[in-house]
Each structure stands twice: as structure tokens, then as C-alpha cells.
Amino acid sequence: MATITTHVLDTARGKPAAGVTVTLEVLDGEGSRVIARGATDDDGRCKTLTSGEGVPAGSYRIGFDTGAYFARQGTETFFPRALIEFVVRDAGAHFHVPLLVAPFGYSTYRGS
């Protein structure tokens, strides 16, 4: 089974984004279903999305509550939620999906 981790870096502040709520959803022909929830730690990492169990091959979405994160800082944001969809083809692999976030933009990549 594949494992999935993430971390969030606030590029405007140059620091990890702590306390960001993260959800992991599986996508199928009937829609989506939340299979895990977590929050980033002081280092901006969320390591508990698959907590040892892993996930099978399939389509997934990670959602980040960036609106609440920026609201706690008193900062306006254009994107209250960042959603990243990706495909797990190798159920034996590790997938690290980082998020680089700023008040008016975000980006991602397949990490290691």
C-alpha cells in the first residue's frame, strides 16, 4: 500500500505553515470520500494521513484549509482552500505532496 505525506511552506513568511488542516480524499466514479484528516505540525509537516496502513492505487485529493491559516495571522488570502488531485499508480511507493503557499498564490510538486 502507498503512503502519502505532505508539508506546507509559507513562502511569504519564509517559514513552515503550522496548524493547517489537511484532508485526504479518495476519488471514484461516484465522487469523493474523506479517508483521513490531520494538521501540520510546527515544522509544517503532516505525516499521519496514511498512518502505516497506506492506500491502494487510485485517484486522490489533498485539501488544505489555507483560509483559516491566513485568518489566524490576520492576513487576507485569495485562495481559502488549496486542492491538489493526483494519481497513485504504484501502490508500493511513497508519495510526498508538498504545498508552497502565499496569500495570493500556491504551487505544488511531487516530492521525495
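The numbers here are math on the coordinates, done by the rules we state, and not lab data. Quick caveat: nothing in here was measured; it's all calculated off a predicted structure. Counting neighbours? That spans all protein chains shown, and the Cβs are built from the backbone with ideal geometry, glycine included.
So, LEU99, is that one in contact with a strand residue (DSSP E or B) (Cβ under 6 Å, 6 or more places away or on another chain), touching a residue at least 24 places away in the same chain (Cβ under 8 Å) and among the aliphatic types (A, V, I, L, M) or not?
Values: in contact with a strand residue (DSSP E or B) (Cβ under 6 Å, 6 or more places away or on another chain): yes; touching a residue at least 24 places away in the same chain (Cβ under 8 Å): yes; among the aliphatic types (A, V, I, L, M): yes.
So LEU99 passes the test.
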Among residues belonging to the stretch 38-77 that are of a type outside the set (Ser, Thr, Tyr) and over 22 Å from GLY111 (Cα atoms), point out the one that is surrounded by the most Cβ atoms within 10 Å (Cβ to Cβ).
PHE70
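Taking VAL8, is it at negative phi, under 14 Å from the mean Cα position of the chain (by Cα) and aliphatic (A, V, I, L, M)?
Details: at negative phi: yes; under 14 Å from the mean Cα position of the chain (by Cα): yes; aliphatic (A, V, I, L, M): yes.
Yes, satisfied.
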Would you confirm whether or not the stretch 57-75 contains a residue that is assigned to a strand (DSSP E or B), in contact with a Gly (Cβ under 9 Å, 6 or more places away or on another chain) and among the aromatic types (Phe, Trp, Tyr)?
no
Only residues that are surrounded by 13 or more Cβ atoms within 10 Å (Cβ to Cβ) and either among the small types (Gly, Ala, Ser) or within 15 Å of the chain's Cα centre (by Cα) (or both): list them for the stretch 94-110, please.
HIS94, PHE95, HIS96, VAL97, PRO98, LEU99, LEU100, VAL101, ALA102, GLY105, TYR106, THR108
Pull out all pairs, ordered by first then second residue, where Cβ-Cβ is under 6 Å, the residues are six or more apart or on different chains, the first lies in the stretch 11-26 and is free of Cβ contacts under 8 Å to residues at least 40 places away in the same chain, and the second is surrounded by fewer than 17 Cβ atoms within 10 Å (Cβ to Cβ) and assigned to a loop (DSSP other than H, G, I, E, B).
PRO16/ASP43; ALA18/ASP42
